[in-house]
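S.K.: The following block contains the structure, expressed as structure tokens.
The values are calculated or read from the model by the stated rules, or taken from the named source; none is laboratory data. In this text the structure is predicted, and so the values were computed from the model without any measurement. Note that we place each Cβ from the backbone using ideal geometry, even for glycine, and neighbour counts take in every protein chain shown. Note: accessible area is taken over every heavy atom of the protein model, side chains too, but ligands, DNA and RNA are not part of it. Shrake-Rupley method; radii C 1.70, N 1.55, O 1.52, S 1.80 Å.
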Amino acid sequence: ELKEIVFIIQSQSNSFHSKRAEDLKRDILKQAADLGKELPTVLLIHQMDRHEGAWTILPLMRDFSVTYGRNSSWIFFCEEDTRIQVVKLLETLGRFDESKEWFLGKALYDEESTIIHHYAFAENPTVFKFPDFAAGWALSIPLVNKLAKKLRSEPLKSDFTIDLKHEIALYIWQNGEGPHLTPVPEFCTDDVKSYKVDHCATTFSNFLPLCGEPVKKEDVFVAVKTCRKFHGDRIPVVKQTWEREAALIEYYSDYADISIPTIDLGVPNTDRGHCGKTFAILERFLNHSSPRTPWLVIVDDDTLISIFRLRKLLSCYDPNEPVFLGERYGYGLGTGGYSYITGGGGMVFSRTAVRKLLASKCRCYSMDAPDDMVLGMCFSGLGIPITHSPLFHQARPMDYPKGYLSHQIPVSFHKHWNIDPVKVYFTWLAPHTEESLNGRKVAYNREDL
């Protein structure tokens with residue numbers, strides 16, 4: 001029965017995202033009403049957010065078990081851009097015995113072991129499957145009750161949340177004692193309009209959001225963090241690739257090099273975190289850039305980014321809100337920790353967010369503290385939520401499953417390890433599939449990378 005499915009939308013409190021989640025909720029309830037069925041429960045995660053870690057889902061399992069453990073059969077999770085054919089979803093879940101422990105989804109896997117998964121299953125990473133959240137995924141109530149019981153006796157450890165979908169699958173698997181993910185072909189990430197979707201219970205509607213005209217080039221200020229030892233190898237890559245997309249760009253270093261040019265902020269370079277440098281950039285943006293420039297992007301000198309696509313994405317956000325946008329990680333969320341935007345994929349701030357942050361007097365506890373984590377702590381203390389976009393990437397394209405990237409138009413990647421970064425940029429991020437490189441037309445194949 002439809003009333004036995006609890007729908008959980010992995011929503012966010014930012015106004016753009018919460019509206020999309022509300023639209024999806026309305027659509028699910030309308031489909032149920034049109035079927036003449038008793039309405040299911042549809043919940044938005046950001047509204048259940050009694051603590052910062054709700055987006056990591058596992059801390060909510062006890063609530064799910066207590067509230068729905070007796071009268072429901074399935075908890076079905078989806079993203080705000082997942083589109084659901086309710087009748088087909090009912091048929092699909094009906095194939096499985098809900099009295100057993102099931103973990104259902106569209107299966108992703110690593111082709112090579114990767115840093116973002118702590119090199120798990122290094123001998124054969126393809127054996128471990130984890131769900132693509134965009135396609136939706138489901139847990140049977142017996143499995144939810146089992147996880148809740150385990151969480152009661154063994155609280156979640158206070159460490160990092162980096163790739164939630166992989167970490168949830170590992171937790172459920174329990175070193176082989178729990179269920180593996182069961183792949184479900186009806187859970188799809190094909191575009192809603194694709195001819196392939198006739199058999200799909202779910203589809204995916206959004207590769208790169210655009211809400212009207214892209215923001216103007218002059219509305220995005222780009223700050224590149226660098227240091228003297230990387231001026232010779234990393235900065236030329238920026239200049240060869242994405243620098244031309246930025247109308248306002250400055251390079252911040254520990255040494256003023258007029259050939260680039262770089263600006264010496266008077267902050268010595270550190271081997272570890274760069275908190276002092278980042279806060280100096282924030283102060284400079286607030287006090288020395290045009291107050292009419294609403295957006296600041298801070299990137300590393302080995303970040304590859306599409307400013308062209310970022311301008312489209314930013315058309316969906318209100319710069320009058322305190323927006324802190326990028327790829328979300330978490331620290332200690334099982335024990336009341338905080339979320340943060342990981343720096344390598346690029347950190348995007350509205351001027352409003354920068355103003356509120358600097359007015360708060362929250363600052364680095366040391367000059368070499370990790371800047372992205374300190375910013376996460378500060379914004380958490382201010383009650384300003386992190387806004388996550390999966391289009392920002394802390395690692396390289398080959399560190400992500402091909403199936404995961406296939407329904408994205410990415411905004412950024414990070415790191416130059418064992419790759420040709422210029423080739424990666426023109427393959428994945430350039431405004432056109434063909435770009436003129438040194439006067440030659442080049443077109444790369446993603447499969448080569």
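S.K.: Looking for something hydroxyl-bearing (Ser, Thr, Tyr) and under 16 Å from the mean Cα position of the chain (by Cα) - is there at least one such residue anywhere in the stretch 325-334?
M.R.: Yes, there is a match, as at least one residue in the stretch 325-334 is hydroxyl-bearing (Ser, Thr, Tyr) and under 16 Å from the mean Cα position of the chain (by Cα).
S.K.: Within the stretch 175-269, which strands (runs of 3 or more DSSP E) (wholly inside it) include 1 or more residues that are under 27 Å from the mean Cα position of the chain (by Cα)?
M.R.: 187-191, 202-204, 220-225, 248-253
S.K.: Being exposed (fewer than 13 other Cβ atoms within 10 Å of the Cβ) and assigned by the TED database to the domain that holds Pro322 narrows it down to one of Lys225, Lys229, Lys277, so name that one.
M.R.: Lys229
S.K.: Somewhere in the stretch 106-113, is a residue farther than 26 Å from Phe204 by Cβ, surrounded by 14 or more Cβ atoms within 10 Å (Cβ to Cβ) and among the basic types (Lys, Arg)?
M.R.: So far as the stretch 106-113 goes, no, none of its residues is farther than 26 Å from Phe204 by Cβ, surrounded by 14 or more Cβ atoms within 10 Å (Cβ to Cβ) and among the basic types (Lys, Arg).
S.K.: Among what's in the stretch 363-402 and is β-branched (Val, Ile, Thr) and open to solvent by less than 10 Å² (accessible area, probe 1.4 Å), pick the residue that is nearest to Asp318 (Cα to Cα).
M.R.: Filtering first and then ranking leaves Thr387.
S.K.: Please go through the stretch 114-125 and give me each residue that is surrounded by 12 or more Cβ atoms within 10 Å (Cβ to Cβ) and part of a loop (DSSP other than H, G, I, E, B), ordered by number.
M.R.: Thr114, His118, Tyr119, Ala120, Phe121, Ala122
S.K.: Inside the stretch 25-99, counting only strands (runs of 3 or more DSSP E) that do not spill past its ends, which hold 3 or more residues that are in the same structural domain as Pro142 (by the TED database) and over 20 Å from Thr182 (Cα atoms)?
M.R.: Output list reads 41-44.
S.K.: Of all residues being part of a loop (DSSP other than H, G, I, E, B) and among the aliphatic types (A, V, I, L, M) in the stretch 126-169, which is surrounded by the fewest Cβ atoms within 10 Å (Cβ to Cβ)? Just the residue, please.
M.R.: Leu156
S.K.: Can you say whether Asp318 is out of contact with any Gly (no Cβ under 7 Å at 6 or more places or on another chain) and either under 21 Å from Ala430 (Cβ atoms) or modelled with pLDDT under 95 (or both), as far as the supplied structure shows?
M.R.: Against the criterion (out of contact with any Gly (no Cβ under 7 Å at 6 or more places or on another chain) and either under 21 Å from Ala430 (Cβ atoms) or modelled with pLDDT under 95 (or both)), Asp318 does not qualify.
S.K.: Counting only residues that are under 25 Å from the mean Cα position of the chain (by Cα) and touching a residue at least 60 places away in the same chain (Cβ under 8 Å), which one in the stretch 270-281 is farthest from Arg311 (Cα to Cα)?
M.R.: Arg272
S.K.: Moving to a separate point now. What pairs come up if the first residue lies in the stretch 410-431 and is more than 16 Å from Ala395 (Cβ to Cβ), the second is in a helix (DSSP H, G or I), and their beta carbons are under 6 Å apart, counting only those six or more places apart or on different chains?
M.R.: Pairs found: Val422/Gln240; Pro431/Phe308.
S.K.: Looking at (1) at pLDDT below 95; (2) surrounded by fewer than 19 Cβ atoms within 10 Å (Cβ to Cβ), which one does Phe204 not meet, given that it meets all the others?
M.R.: (2)
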